[in-house]
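The values are calculated or read from the model by the stated rules, or taken from the named source; none is laboratory data. Just so you know, these numbers come straight off a predicted model, no measurement behind them. With ideal geometry, Cβ positions are generated from the backbone for all residues, glycine too; neighbour counts draw on all protein chains shown. All accessible areas refer to the heavy atoms of the entire protein, side chains included, with ligands and DNA or RNA removed. Shrake-Rupley method; radii C 1.70, N 1.55, O 1.52, S 1.80 Å.
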Amino acid sequence: MTLISQVRPSCGVGSDVTRCTIGPNGVFGMTNNIETSMIKETCLSFSSSSCYSAKIAQVLHLQNAGIGIRRRHRAIVASSPPTEAAVVTTEPLTKEDLVGYLASGCKPKDKWRIGTEHEKFGFELGTLRPINYEQIAQLLNGIAERFDWDKIMEGDKIIGLKQGKQSVSLEPGGQVELSGAPLETLHQTCAEINSHLYQVKAVSEEMGIGFLGIGFQPKCPFKDVPAVPRTRFEIMTDYCPKVGSLGVETMYRTCTVQVNLDFSSEADMIRKFRASLALQPIATAIFANSPFTDGKPNGYLSMRSYTWTDADNDRTGMLPFVFDDSFGFEQYVDYALDIPMYLVYRNKKFIDCAGMSFRDFMAGKLPCLPGQFPTLNDWENHLTTIFPEVRLKRYLEMRGADCGPWRRLCALSALWVGLLYDEVSLQSVLDMTADWTTEERQLLRNKVPKTGLKTPFRGDLARHVAEDVLKLAKEGLERRGYNESGFLDEMAEIVRTGVTPAEKLLELYHGKWGQSVDPVFEELRY
């Protein structure tokens, strides 16, 4: 869940930079590590205007300029958006520009890629306490030096790493996130995860720390969770309690795994958005892995998912309008324009715009920046501050799953690739969910954090929907022809029995572990 340039994609945020390269087929931008082709053939109605093309090209060109200064074999990469001081808007952005920005993500099927992201909790092996920023900095510096990553800095503080099209970033509570490169196969993305975890373990074990794959901090009270010292986290921490009771919990005490996938056209985006949004609660149930808070059971199977139900209702949820006949890029832009802003980056500092309107910004009437107009970089940043169960940028993000052990990180990507990158499976999902009502989808979303695959649904259980979904995903992967269906094996017993990972942890807690959560740090340690 990484933010472009400076703003993170959940009420908890991470950091990234945006890079561009010039390839043989045109300009390519890296946004949250998904390669986004600027080829216009598949979305001519949105991205072919010379005005829009000039604006997007200007942003991509400037984002590539001065990205870092080489030092030996590594680069020191500034965390601030490289465009903010350089972009001079000759005229205000129009709604057509914003629509065209989303449409510019369309790409032919042979360019579709898989981008996997996951977050994890660091802890001291001796005390099980969360690691603090000083320990995180030591870890990041160690990985950079030993494995040749570029350092991402904010002032004199290291706040991330970059190597090729991968990046490592931080969440507000010190969670460490890998945002993977856009890769062609699940074999490649799982190998990337394994390589990252090996590097983290090689450095962290020498420091006496480990990393935990679970959806919610199981032991440490909120008051004792260390904070990563960043201005934008402070702004968001101040704003979240004004709009929901659980936003700061989401920021500081949750970890997720997600996969980012491409679309070929507006019509393809709509079909994938609807299919994945309807089934996101099923994924939440299958991957439920956060049953503990403050050292004891919290009454939920996915506490992480539950926190999103009262984090900030303006920018979260199941987006019923996606299922309207009128839905498309323009309707998502209208939705995003009505989402209150968090902040803007200008003159090498963050400006608190929490609760203000992007529509006012486009009219030059933003109270915190009167007379100034947004750039496409501002729009790009704003889109990453919206946190529905599935999010649209220049690709689609599947956001419903708890983090877990490494095999389940690969399985999450396998599930959605099998469902969405195969036409037969995608159409089967759309047929299966076509008559689900808004109320049914929302009921499923509300109940699965507590009851998982045992959630009643349409006279049956969510488990039986999951059985059909897993079958379709396996068939879709087999038709892809990359021998990837084995990555779903991690889910087979969960779906067959209806017993979620969280329920297995609770069984251990009440039995073998003697009502202590401490053993979970070894059970789910990477």
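Being open to solvent by less than 10 Å² (accessible area, probe 1.4 Å), touching an Asp or Glu at 6+ places or on another chain (Cβ under 7 Å) and of a type in the set (Lys, Arg) narrows it down to one of Arg232, Arg304, so name that one.
Arg304
Return yes or no: is Leu443 of a type outside the set (D, E, K, R) and open to solvent by 80 Å² or more (accessible area, probe 1.4 Å)?
yes
State all residues of the stretch 287-301 that are among the hydroxyl-bearing types (Ser, Thr, Tyr) and open to solvent by 10 Å² or more (accessible area, probe 1.4 Å); if no residue qualifies, say none.
Residues satisfying the conditions are Thr293, Tyr300.
Just to be sure I understand, how many residues within the stretch 473-526 are among the β-branched types (Val, Ile, Thr), open to solvent by less than 40 Å² (accessible area, probe 1.4 Å) and assigned to a loop (DSSP other than H, G, I, E, B)? Steps first, please.
So in the stretch 473-526, the residues among the β-branched types (Val, Ile, Thr) come out as 494-495, 497, 499-500, 517, 520.
The next check asks that each one be open to solvent by less than 40 Å² (accessible area, probe 1.4 Å); those that pass are 494-495, 500, 517, 520.
Going one step further and asking which of them are assigned to a loop (DSSP other than H, G, I, E, B), we end up with 500, 517.
Residues that pass the stated criteria total 2.
Which pairs turn up if I take residues in the stretch 467-488 that are free of Cβ contacts under 8 Å to residues at least 12 places away in the same chain and at negative phi and look for partners that are open to solvent by less than 30 Å² (accessible area, probe 1.4 Å) and in a helix (DSSP H, G or I) with beta carbon separation below 6 Å, at least 6 apart in sequence or on another chain?
Listed pairs, sorted by first residue: Glu478/Ser485.
So which residues in the stretch 492-519 are touching a Leu at 6+ places or on another chain (Cβ under 6 Å) and of a type in the set (A, V, I, L, M, F, W, C)?
Passing the criteria: Val495, Ala502.
Exactly one of these conditions fails for Val225: (1) out of contact with any helix residue (DSSP H, G or I) (no Cβ under 6 Å at 6 or more places or on another chain); (2) surrounded by fewer than 24 Cβ atoms within 10 Å (Cβ to Cβ); (3) not charged (D, E, K, R). Give me its number.
Looking at each condition in turn, Val225 falls short on (1).
Looking at Asp435, is it free of Cβ contacts under 8 Å to residues at least 24 places away in the same chain and not in a helix (DSSP H, G or I)?
Yes: the conditions hold for Asp435.
Suppose we filter the stretch 336-351 for residues that are of a type in the set (Phe, Trp, Tyr) and under 19 Å from the mean Cα position of the chain (by Cα); how many remain?
Quick first cut of the stretch 336-351, residues of a type in the set (Phe, Trp, Tyr) only: 342, 345, 350.
Subsequent filtering for residues that are under 19 Å from the mean Cα position of the chain (by Cα) retains 342.
Summing the residues that are of a type in the set (Phe, Trp, Tyr) and under 19 Å from the mean Cα position of the chain (by Cα) in the stretch 336-351 gives 1.
I'm told Ala227 meets every condition in (1) over 16 Å from Pro405 (Cβ atoms); (2) aliphatic (A, V, I, L, M); (3) in a helix (DSSP H, G or I) except one. Can you identify the failing condition by its number?
(3)
Could we say that Thr116 is β-branched (Val, Ile, Thr), surrounded by 23 or more Cβ atoms within 10 Å (Cβ to Cβ) and either part of a helix (DSSP H, G or I) or modelled with pLDDT of 95 or more (or both) here? Even if it seems obvious, please write down each step before you answer.
On the way: β-branched (Val, Ile, Thr): yes; surrounded by 23 or more Cβ atoms within 10 Å (Cβ to Cβ): yes; either part of a helix (DSSP H, G or I) or modelled with pLDDT of 95 or more (or both): yes.
So Thr116 fits the description; yes.
Hey, can you tell me all the residues within the stretch 287-313 that are over 18 Å from the mean Cα position of the chain (by Cα) and not polar (S, T, N, Q)?
Once the filter is applied, which keeps residues that are over 18 Å from the mean Cα position of the chain (by Cα) and not polar (S, T, N, Q), the stretch 287-313 yields Pro291, Phe292, Asp294, Gly295, Lys296, Pro297, Gly299, Tyr300, Leu301, Asp310.
Which residue pairs have Cβ atoms under 8 Å apart, sit 6 or more places apart or on different chains, and have a first residue in the stretch 264-282 that is closer than 26 Å to Leu453 by Cβ and at pLDDT below 95 and a second that is polar (S, T, N, Q) and open to solvent by 10 Å² or more (accessible area, probe 1.4 Å)?
none
Run Pro449 past the list (1) free of Cβ contacts under 8 Å to residues at least 60 places away in the same chain; (2) closer than 25 Å to His118 by Cα; (3) open to solvent by less than 20 Å² (accessible area, probe 1.4 Å) and report the number of the one that doesn't hold.
Of everything listed in (1) free of Cβ contacts under 8 Å to residues at least 60 places away in the same chain; (2) closer than 25 Å to His118 by Cα; (3) open to solvent by less than 20 Å² (accessible area, probe 1.4 Å), Pro449 misses just condition (1).
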